[in-house]
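First comes the structure, then the notes that go with it.
The values are calculated or read from the model by the stated rules, or taken from the named source; none is laboratory data. Everything numeric in this text was worked out from a predicted model, so none of it was measured. As a convention, Cβ positions derive from the backbone with ideal geometry for all residues, glycine included, and neighbour counts pool all protein chains shown. Calculation scope for accessible area: heavy atoms of the full protein, side chains included, ligands and nucleic acids excluded. Shrake-Rupley method; radii C 1.70, N 1.55, O 1.52, S 1.80 Å.
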Amino acid sequence: MTAPRARILGLGSYLPPRVVTNHDLTKMMDTSHEWIVERSGVEERRWVDPEEGNHTMGVKAARAAMADAGVEPGEIDCIIYATLSPDYYFPGCGVLVQRDLGLGHIPAYDIRQQCSGFVYGLQMADAFIRAGQYQKILLIGGEVHSRGLDKSTRGRTITVLFGDAAGAAVIGASDDPARGILTSRMHSDGTDAECLAMQYPGMAPNRDVFVNLDDVESGRIFPNMDGQKVFKTAVKRMPQVVQEVLADQGLTVADLAMLIPHQANLRINEMVAKLLHIDESKVHNNIQKYGNTTAATIPLCLEEARALGKIHPGDLVCAVAFGSGFTWGAVLMRW
Ligand code: ACO
């Protein structure tokens, strides 16, 4: 008997209601709407209200994804939570979702991989389903960036790019053997691990304590990024891995109905589309409204593209991501 294909059975997302425009940012730091839009495409993003956290958004996205899939919480037998901005240093958000949803004592995996977190999670879920290990997996990608960014002029290069959100998918066996995840490829290269990183607080060598006052006052606790290196590497790795998954299935870019790229920067995605020779009408972007929501970008984009009628059953869809690590990967699906 051949193993069943895994398929995304339902999608859900949660966007905090507080909209922060580029004009709002100009009141906090020396920047401009024009600079941000020209360099990144971002026009506005969402920031959480005080009572919201990463896992509380994850729970809302998960409920929406389960409703969309027609799956009851009691049917979920595994949680995978991808984030770089967990509520606690430990434990991870997975167990907080298990608790809040009142699920049984099911496994809860927490994964990192930053911007590639959701595609890495999709590959894990696909493997678990095909192996028969679990039947209905809840995959969540969520970020609360707004509490970890430097909102002064010192942090402007990074802060303007990011937003808060959560997205979720329920993954299970496909009842149609033609539909579902066809293949996936994940990669990493730690050579430039510190080029896009949040290195403090941490347990790295030669530190006497997890975090100290100087780390806070000097701004070392905020993320650092070599923007140009990230840009150049992303536009190389994303097209490469899209071609890998297509070649694996004997398909070409011309067969793709929709490319769902991670939303790091609109300029990166425009370049990726150009290098792949794919028409921009077949690439869905929404970074303009939400900024880079890291582990949440892929489910947010998938759900929005589907709602806009850009993805139909039977379509060939590729989700591709690149981010800190560096890590990158692509998942090819027959929708
Ligand atoms: N507003 C106004 N001016 C700014 C801002 C800002 N928000 N940020 C930086 N500047 C200034 C700089 O101080 C600098 O001024 P100077 O010339 O007087 O020194 C000037 O703008 C140019 O700065 P650069 O950092 O060289 O700007 P660059 O053209 O490289 O653009 C950017 C920066 C947008 C980050 C670009 O490098 C990029 O797109 N990189 C990709 C990184 C990315 O997308 N990261 C997303 C997260 S990672 C991920 O998800 C994969």
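Computed values, structure above
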| read-out | value |
| --- | --- |
| First in the stretch 195-213 and more than 16 Å from the ligand (Cβ to nearest atom), second anywhere and of a type in the set (A, V, I, L, M), Cβ under 6 Å, 6 or more apart | Tyr200/Ile221; Pro201/Val211 |
| All positions within the stretch 23-46 that are part of a helix (DSSP H, G or I) and within 20 Å of Ser85 (Cβ to Cβ) | Leu25, Ser40 |
| Selected residue (only one of Ala193, Ala173 is surrounded by 14 or more Cβ atoms within 10 Å (Cβ to Cβ), small (Gly, Ala, Ser) and over 30 Å from Gly291 (Cα atoms)) | Ala173 |
| Top-ranked residue in the stretch 24-41 [being more than 22 Å from the chain's Cα centre (by Cα) and within 28 Å of Ala61 (Cα to Cα); ranked as nearest to the ligand (Cβ to nearest atom)] | Leu25 |
| Number of positions in the stretch 201-228 that are open to solvent by 70 Å² or more (accessible area, probe 1.4 Å), of a type in the set (D, E, K, R) and farther than 21 Å from Phe162 by Cα | 3 |
| Filtered residues of the stretch 158-180 (kept if within 16 Å of the ligand (Cβ to nearest atom) and either assigned to a strand (DSSP E or B) or over 20 Å from the mean Cα position of the chain (by Cα) (or both)) | Phe162, Ala165, Gly167 |
| Identity of the residue in the stretch 318-335, more than 14 Å from the ligand (Cβ to nearest atom) and surrounded by 24 or more Cβ atoms within 10 Å (Cβ to Cβ), that ends up farthest from Leu276 (Cα to Cα) | Met333 |
| Near pairs, Cβ below 7 angstrom, 6+ apart or cross-chain, from the stretch 217-234 (of a type in the set (Gly, Ala, Ser)) to any residue that is within 13 Å of the ligand (Cβ to nearest atom) and in a strand (DSSP E or B) | Ala234/Phe322 |
| Leading residue by the ranking (nearest to the ligand (Cβ to nearest atom)) among those in the stretch 101-117 that are open to solvent by 20 Å² or more (accessible area, probe 1.4 Å), within 26 Å of Gly291 (Cβ to Cβ) and not in a strand (DSSP E or B) | Gln114 |
| Residue match in the stretch 127-135 (condition: farther than 24 Å from Thr297 by Cβ, touching a Lys or Arg at 6+ places or on another chain (Cβ under 9 Å) and away from the ligand (no atom under 16 Å from the Cβ)) | yes |
| Subset of the stretch 221-279 (residues that are of a type in the set (Ser, Thr, Tyr) and within 14 Å of the ligand (Cβ to nearest atom)) | Thr233 |
| Qualifying residue in the stretch 47-54 (condition: surrounded by 15 or more Cβ atoms within 10 Å (Cβ to Cβ), on the phi < 0 side of the Ramachandran plot, more than 16 Å from the ligand (Cβ to nearest atom) and assigned to a helix (DSSP H, G or I)) | yes |
